[in-house]
Amino acid sequence: KAGVTQTPRYLIKTRGQQVTLSCSPISGHRSVSWYQQTPGQGLQFLFEYFSETQRNKGNFPGRFSGRQFSNSRSEMNVSTLELGDSALYLCASSLDGGVLEYFGPGTRLLVL
Amino acid sequence: GNSVTQMEGPVTLSEEAFLTINCTYTATGYPSLFWYVQYPGEGLQLLLKATKADDKGSNKGFEATYRKETTSFHLEKGSVQVSDSAVYFCALSPTSGGTSYGKLTFGQGTILTVHP
């Protein structure tokens, strides 16, 4: 059974650009959660999607958005990138919003 | 709000030593508690969990007991191996109708290095 996959694994962008990250959950899982990991702030919850609806949201500005497709794959978008958005972005999936057992390997975003 | 505090790291041990990583939390209600492990270059994996007071989670020789009276969930292992070298995260989720909606509050993480 394939795990949570994320693409791309690495990205370099410049300030002001936008970026889209993708997450494919474990087969059969309908909930996808996104987290930002930085050395200073640690792991912070971004949002959670279930059946194409955002069900929960963390304390991030509106530049951070996401969506989920009918096949449960999820994308997150960051517009008008800032240097502080440089981070490892992790996603995790679960059947229905329960325990998060596995996270993907993450997408490492560097904003120059 | 909810918060999780882990002991400062990094922790360096010799193989077969006893491991304790302290974790305390602040939360309203009755949260569920977790330990996650992150190996180099990989995503987080759930190591163990406990959903109510006095529950003991265990996996791969690691244990942690949910202590509501001291709001703690310390991770222990009796004999560490070099392969246990990783970053360990304590986390909590609020209980809400049985699901947390994927929202976890994490501690800062503790880097563990085990030498042969």
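The values are calculated or read from the model by the stated rules, or taken from the named source; none is laboratory data. Every value quoted in this text rests on a predicted model; they were computed, and no experiment measured them. Note that each Cβ is placed from the backbone with ideal geometry, even for glycine, and that neighbours are counted across all protein chains shown.
Data for the structure
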quantity	calculated
Count of the stretch A:57-70 residues which are buried (at least 19 other Cβ atoms within 10 Å of the Cβ) and without any contact (Cβ under 8 Å) to a residue 12 or more places away in the chain	0
Single condition B:K49 does not satisfy, out of (1) modelled with pLDDT of 95 or more; (2) part of a strand (DSSP E or B)	(1)
Count - residues of the stretch A:4-29 that are modelled with pLDDT under 95 and surrounded by fewer than 17 Cβ atoms within 10 Å (Cβ to Cβ)	2
Candidate set from the stretch A:71-87 (those that are surrounded by fewer than 19 Cβ atoms within 10 Å (Cβ to Cβ) and within 16 Å of A:R9 (Cβ to Cβ)); member that is farthest from the other protein chains (Cβ to nearest Cβ)	A:S86
Residue match in the stretch A:19-40 (condition: under 26 Å from B:V4 (Cβ atoms), in contact (Cβ under 8 Å) with a residue 24 or more places away in the chain and touching a Pro at 6+ places or on another chain (Cβ under 6 Å))	yes
Those residues of the stretch B:33-46 which are within 10 Å of chain A (Cβ to nearest Cβ) and either among the β-branched types (V, I, T) or crowded, with 20+ Cβ neighbours inside 10 Å (or both), in sequence order	B:F34, B:Y36, B:Q38, B:G43, B:L44
Residue that is facing chain B (nearest Cβ under 8 Å), surrounded by 13 or more Cβ atoms within 10 Å (Cβ to Cβ), modelled with pLDDT under 95 and farther than 24 Å from B:P40 by Cβ, where the choices are A:G42, A:G98	A:G98
Residue within the stretch A:51-60 that is among the β-branched types (V, I, T) and more than 13 Å from chain B (Cβ to nearest Cβ) present	no
Out of B:S83, B:S58, B:S72, sole residue that is at negative phi, surrounded by fewer than 20 Cβ atoms within 10 Å (Cβ to Cβ) and out of contact with any strand residue (DSSP E or B) (no Cβ under 7 Å at 6 or more places or on another chain)	B:S83
Matching residues in the stretch A:27-39 - criterion: being facing another protein chain (nearest Cβ under 9 Å) and either under 10 Å from the mean Cα position of the chain (by Cα) or aliphatic (A, V, I, L, M) (or both)	A:V32, A:S33, A:W34, A:Y35
